[in-house]
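The values are calculated or read from the model by the stated rules, or taken from the named source; none is laboratory data. This structure is a prediction, so every number in the text was calculated from the model and none was measured. As a convention, Cβ positions derive from the backbone with ideal geometry for all residues, glycine included, and neighbour counts pool all protein chains shown. Ligands, DNA and RNA are excluded from the accessible area calculation, which covers all protein heavy atoms including side chains. Shrake-Rupley method; radii C 1.70, N 1.55, O 1.52, S 1.80 Å.
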Amino acid sequence: MITLKINGQQKNWDGDPDLPLLWFLRDEAGLTGTKYGCGQALCGACTVIVDKQAVRACVTSVSDVVGREVTTIEGLHPTGDHAVQKAWRQLNVPQCGFCQAGQIMQAAALLNDNPKPNHDQIREAMAGNICRCGCYQRIENAVHLASTGV
Amino acid sequence: MIMNIRTNPKKLRGFEHYVKVDNVSRRSILKGLGLAGGFVLAAPVMSRPALAAYQTGADKMPHGTVVDPRVFVAIAPDGIVTIVAHRAEMGTGVRTSLPMIVAEEMEADWSRVRIQQAHGDEVKFGNQDTDGSRSTRHYLIPMRQIGASARSMLETAAAKRWGVPAAEVKAVNHEVVHSATSRRIGFGDLAADAAKESVPSVEGLKLKDPKDFRYLGKGQISVVDLRDITVGTARYGADVRLPGMKYAVIARPPVTGGKVASFDGSAAMKVSGYQEVMAGSAWPWRSSVQPLGGGAVIARKTGDATKGRNAVKIVWDDGPNGKYESAAYRAELEAAARKPGLVLRKEGDVEAALKGADKVITGEYYLPHLAHVAMEPPVAVANVSGDKAEIWGPVQSAGGTREDVAKTLGIPEANVTVNVTLLGGGFGRKSKCDFAIEAALLSKELGAPVKVQWTREDDVRTGFLHTVSVERIEAGLDKSGKVTAWRHRSVAPTIASTFAAGAKNQAPFEIGMGLVDMPFEIANVQCENPEAAAHHRIGWFRSVSNIPRAFAVQSMVAEIAKATNRDPKDMLLELIGSPRIVKLDSVKDLWNYGEPYDSYPIDTARLRKVVELVADKGGWGRSVPKGHGLGIAAHRSFVSYVATIVEVAVDDKGKLTVLRVDTAIDCGTYVNPERIQSQIEGAAIMGMSLAKHGAITFKDGKVQQGNFDDFPVIRMDEAPGVTNVYIVPPGPDTPPSGVGEPGVPPFAPALINAIFAATGKRIRAMPIGKQLEA
């Protein structure tokens, strides 16, 4: 039996300890905001925050996060009003929206680490998160907006 | 009584009418279904000319349009107005835009409007095929009529209650007002009475004066799913979870048309969470939507099912496509393009004109297969029980999915419910519902709800790829540098090959995308289509054949400019020629995106205008540093006009940077300019992805790529520095035209032309890849 802490809540798991965290979140815990996009840490759609780091849940096993705090998009802010979420809405960032939870979690981790990233730092930090609709210009602007106060 | 439904059950979906198929009457079972259900009224066909200044091809689509307000609008006693969104949301904003049109016309307050997604039912809602950049152009007028009908019914109910003539009352911002007596009643209080009113005749409807619009054309309203998307509660196909649901991942034949020769699931049984493994039979691969067959692994979690699937040992019989190899196939296409093909357009005598030309410039342009790689890979949930089926999934064609699931299971369409989730990107891939059929078949077999999840590798390797093509253009010039001859041969396996075995010529809906509709003013023109056999499933990909055509035609314009020492923008305008409506009398079937030519002609004045606008706003001709270059391209597609300028920098190691993109679009009358801007911004990224990186290649019949490492797309660190968008203000009564796709085609040639301006290197084979490093 493995015990996990997700969005401040204890969750138990008695299955395969190697199961990727992504599928525990989605299929077991019902936290479907975290998305499957590639399964190989290539696209960032499954990005969650573990302790303070953005990690790809598709290549992180449930046993890897025992004793650590996992935060998903559902737990980023109690009312969904994290500065990054607000900036996203203000600039109408999403198109299809599927990658955006991962983008938002990556941006939140970036700002936690570097509250005032410059243009190049934003582009570098967000380069692991693919948006096939091509919302990059707005993502970049929204991260900048979130860093300067929404 | 009015005819508020225009169904045409004989009309086929998916362009089968262009090719020979056996099951031509498959939609005839729909006849009368909606009438029996009592949702709609039977009445004479309405005459559209009186209702709008233009006609569209909407009524030629399967089931046409429905304009009954009682189908699309519901008003609760508390005043909340629910409007049905009957098209699929894949990022274009249509789930917001179409209901917004209804709200505008009925004077509903948007903050008191809720959206309900329609399930698949085209008799009730009209055509639901969300593709071809058609939603706004086909539904602007019908949605306005629905809103106006609802407004009229509310006004009539209020007038009766007050005992005043209906002409004295007016709906304003969610209430009806009698200004003479300063009386007002909210929509909620009127709802029950209004519902008893008969639906007014469409002919008598008075539409709002556009100067009174509050929402249309303003771009002030965010998409309805915006908040849900930012907090993780927006529901996509994969987010559907049912009690007792099983998870399936399928091993499909790696070669199109292949079959299972032997199947050993014993290793999969050792995977934790494994439940069972099933061998599926293969369907004929040429079928347009049917699954490929293979073997399915069922498990408690998607992760376990994937692990089990990867452990299954299958020996495949590859069949006739097992030798498909991309380099050899390219040589075949090139050889075909150098010989005459089926003549599709002929003006003057191109052969004589080329022979007599002072100079002939020839360009051969190659574009490999592309994969859609929407961020959400195909996925669907099905629950089949007895002779009933319910589907949940990200499908672009809800009505088509219903029809195809019913047909596959052998049950009546009325017994199939298709729930449309949000689509995590579509780009044409999700016009095919094979993944929903897979879920339905497995659910029937297992007697339980099943989710079928495609892995990214499944998506890249076994989807419906964009075609592979060679476009060969020969331009003959006279002594003054004027182009007098233009021969364009296009060779590519056709989408029609998925409907009819052995189809080797492109269908009208492919040749009409930038080949026969080429707008240049040239005396001698010939367009030809030599044959090409398909060895993989070819499908629709955002903007389809316009990608290779714009690449070829707009590259050739710049090549002619170079050869005659002229500015590429001036050359482009010279070739477009005088402002005129292009006449294409020699073209037998000018598809014109399904639109009547009277309403949607090829208007070179509009094409010139986007070129001039983007040249002005985008600073064409500005001086740029050494190693930088500007490129321009313009293209009409989906009956819209788009021109793009790209500025690049290429360093001495060949590293490419896109500094700036400027795009002008004329899409006629528009609804939501903010979403048009986002579509054009995204089109630049998709155009850049395919130009820089896009290549699916085959060896031994198998796709060699599998994920974002070997099929890369543009990431933020390579994205353009800035993308500016300019929308041409529409003239009065200019019909709306496409937005979702037309931004893509001109991007790649503008980029390629910019690279030429920066480096002198002319790229004729995409992707750019490492070509600049040499």
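So what's the back-of-envelope 222 nm ellipticity for chain B, counting only DSSP H runs of four-plus at -39500 (n - 2.57) apiece and dividing by all residues, rounded to 500?
So the helix-based figure for chain B works out to -8000 deg cm²/dmol.
Which shape class, rounded, prolate or oblate, goes with segment B:536-599 when its Cα gyration tensor gives a ≥ b ≥ c as root eigenvalues, a/c under 1.5 marks rounded, and past that a/b bigger than b/c marks prolate?
Details: a/c = 2.77, a/b = 1.32, b/c = 2.10.
Judged from the Cα gyration tensor, segment B:536-599 comes out oblate (a/c at least 1.5, b/c at or above a/b).
Take the alpha-carbon positions of segment B:204-357, form their convex hull, and give its projected area averaged over all directions (one quarter of the hull surface) in nm². Kindly include the intermediate steps, with their values, before the conclusion.
Details: hull surface 87.6 nm².
Taking a quarter of the hull surface, the average projection is 21.9 nm².
If all Cα-Cα distances of segment B:709-774 are sorted into 10 Å bins from 0 onward, what percent lands in each bin, rounded to whole numbers?
That works out to 14, 38, 30, 14, 5, 0, in percent per bin.
Can you tell me which lysines have their Cα less than 25 Å from the Cα of B:LYS355? Leave out same-chain residues fewer than eight positions away.
B:LYS339, B:LYS346, B:LYS479, B:LYS482, B:LYS562
Which FRET efficiency, nearest 0.05, do B:ASP717 and B:LYS60 yield, Cβ-Cβ r, R0 56 Å?
Calculated transfer efficiency: 0.80.
Would you give the gap between the C-alpha center of segment B:117-135 and the C-alpha center of segment B:508-550, rounded to a whole Å?
27 Å
With the calculation restricted to Cα positions, what are the radius of gyration and Dmax of segment B:360-455 in angstrom?
Expressed in Å, the Cα Rg and Dmax of segment B:360-455 come to 16.7, 67.
Taking the Cα centre of segment B:266-421 as origin and charging only Cβ (+1 Lys, Arg; -1 Asp, Glu), how large is the dipole, in debye to the nearest 20?
Values: 18 positive and 18 negative charges, 80 e Å.
For segment B:266-421, the charge dipole is close to 380 debye.
Counting just the Cα atoms, what span does segment B:179-243 cover along each of its three principal axes? Round to the nearest Å and put the largest first.
So the three principal-axis extents are 54, 34, 30 Å.
Work out the charge dipole of chain B with +1 on the Cβ of Lys and Arg and -1 on the Cβ of Asp and Glu about the Cα centre, then indicate which of B:VAL123, B:ALA754, B:SER578 is farthest towards its positive end.
B:VAL123
Excluding A:ALA127 itself, what net charge comes from residues whose Cβ is under 10 Å from its Cβ, given Lys and Arg +1 and Asp and Glu -1? Present the calculation step by step, with values, prior to reporting the outcome.
Working: positive: A:ARG123, B:ARG715; negative: A:GLU124, B:ASP717, B:GLU718.
Summing Lys/Arg as +1 and Asp/Glu as -1 gives -1.
Cα-based Rg of segment B:82-201 per 2.2 N^0.38 Å, rounded to two decimals? Before the final figure, lay out each step's value.
On the way: Rg = 15.6 Å, N = 120, 2.2 N^0.38 = 13.6 Å.
Taking N as the residue count of segment B:82-201, the ratio is 1.15.
Using only the Cα atoms of segment B:400-536, each taken as one equal point scatterer with no solvent, compute I(q) by the Debye sum, divide by I(0), and report log10 of the ratio at q = 0.11, 0.14, 0.15 Å⁻¹.
Taking Cα atoms of segment B:400-536 as identical point scatterers yields -0.61, -0.83, -0.90.
For segment B:273-404, what size does the Cα cloud have along each of its three principal axes, sorted from largest down, in whole Å?
73, 36, 28
Taking the alpha-carbon distance from A:LYS5 and a cut-off under 22 Å, which lysines remain once sequence neighbours fewer than 8 residues away in the same chain are dropped?
A:LYS35, A:LYS52, B:LYS301
With +1 assigned to the C-beta of every Lys and Arg and -1 to the C-beta of every Asp and Glu, and no other charges, what is the dipole magnitude of the protein assembly as shown about the Cα centre in debye, to the nearest 20? If you can, show how the numbers build up before the last one.
On the way: 109 positive and 99 negative charges, 102 e Å.
About 480 debye.
Could you give the distance between the Cα centres of segment A:18-77 and segment B:55-96, to the whole Å?
What the calculation gives is 37 Å, centre to centre.
Could you size up the charge dipole of segment B:484-537 around its Cα centre, putting +1 on the beta carbon of Lys and Arg and -1 on that of Asp and Glu, and report it in debye to the nearest 20? Intermediate values should be presented prior to the final figure.
Working: 4 positive and 5 negative charges, 42 e Å.
Once rounded to the nearest 20, the dipole reads 200 debye.
Could you estimate the translational diffusion coefficient of segment B:645-712 from the Stokes-Einstein equation, with Rh from the Kirkwood formula over C-alpha pairs, at 4 °C and 1.567 mPa s, in whole µm²/s? Show your work: numbers first, answer last.
Details: Rh = 14.9 Å.
Rounded to a whole number, D works out at 87 µm²/s.
In terms of Cα to Cα distance under 21 Å, which lysines are near enough to B:LYS170, apart from those fewer than 8 places away along the same chain?
The qualifying lysines are B:LYS160, B:LYS196, B:LYS206, B:LYS208, B:LYS211.
Tell me, what is a quarter of the convex hull surface for the C-alpha atoms of segment B:601-759, in nm² with one decimal?
Result: 11.2 nm².
Give me the percent of the accessible area of chain B that comes from carbon and sulfur atoms, probe 1.4 Å, all protein chains in place. Write down the numbers at each step before the final one.
Details: 13620 of 26530 Å².
Ligands and nucleic acids excluded, carbon and sulfur reach 51 percent.
Classify the protein assembly as shown as rounded, prolate or oblate from the Cα gyration tensor: take a ≥ b ≥ c as the square roots of its eigenvalues, call it rounded if a/c is under 1.5, otherwise prolate when a/b beats b/c and oblate if not. Write down the numbers at each step before the final one.
Values: a/c = 1.32, a/b = 1.06, b/c = 1.25.
Cα axes put the protein assembly as shown in the rounded bin.
From the mean inverse distance of alpha carbon pairs (Kirkwood) and the Cα radius of gyration, derive Rg over Rh for chain B. Please list the in-between numbers first.
Details: Rg = 26.9 Å, Rh = 27.4 Å.
Using only Cα positions, Rg/Rh for chain B is 0.98.
Over all distinct Cα pairs, what is the inverse of the mean 1/r for segment B:663-756, reported as the Kirkwood hydrodynamic radius in Å? Intermediate values should be presented prior to the final figure.
Details: mean 1/r = 0.0662 Å⁻¹.
Computed over Cα pairs of segment B:663-756, the Kirkwood hydrodynamic radius comes out at 15.1 Å.
Return the equivalent ellipsoid semi-axes of segment B:524-663 as a descending list in whole Å, where each equals the square root of 5 times an eigenvalue of the C-alpha gyration tensor. Mind showing how you got there, number by number?
Values: eigenvalues 167, 87, 45 Å².
Computed over segment B:524-663, the values are 29, 21, 15 Å.
Consider all pairwise Cα distances in segment B:148-217 and report the whole-number % of them above 20 Å.
Values: 663 of 2415 pairs.
Here the tail beyond 20 Å accounts for 27 percent of pairs.
Given N residues in segment B:489-547, what is its alpha carbon radius of gyration divided by 2.2 N^0.38 Å?
Details: Rg = 12.3 Å, N = 59, 2.2 N^0.38 = 10.4 Å.
Computed over Cα atoms of segment B:489-547, the ratio equals 1.18.
Scan around B:GLY539 for amide H atoms under 5 Å from its own, H built in the peptide plane at 1.01 Å from N, and keep only partners 5 or more places away or cross-chain.
B:LEU465, B:HIS466, B:THR467
Taking a quarter of the surface of the Cα convex hull of chain A, what do you get in nm²? List each step's numbers first, then the result.
Working: hull surface 32.5 nm².
In nm², the orientation-averaged hull projection of chain A is 8.1.
How much net charge surrounds B:LYS479 when only other residues with a Cβ under 11 Å from its Cβ are counted (Lys, Arg +1; Asp, Glu -1)?
Working: positive: B:LYS359, B:LYS482; negative: B:ASP358, B:ASP478.
Once all neighbours under 11 Å are counted, the net charge is 0.
Would segment B:466-597 count as rounded, prolate or oblate if I go by the C-alpha gyration tensor, calling it rounded below 1.5 in a/c and otherwise prolate when a/b exceeds b/c, oblate otherwise? Don't skip to the end; give the middle numbers.
Values: a/c = 2.23, a/b = 1.76, b/c = 1.27.
It is prolate, given that a/c is not under 1.5 and a/b is the larger ratio.
Given N residues in segment B:110-178, what is Rg(Cα) / (2.2 N^0.38 Å)?
1.45
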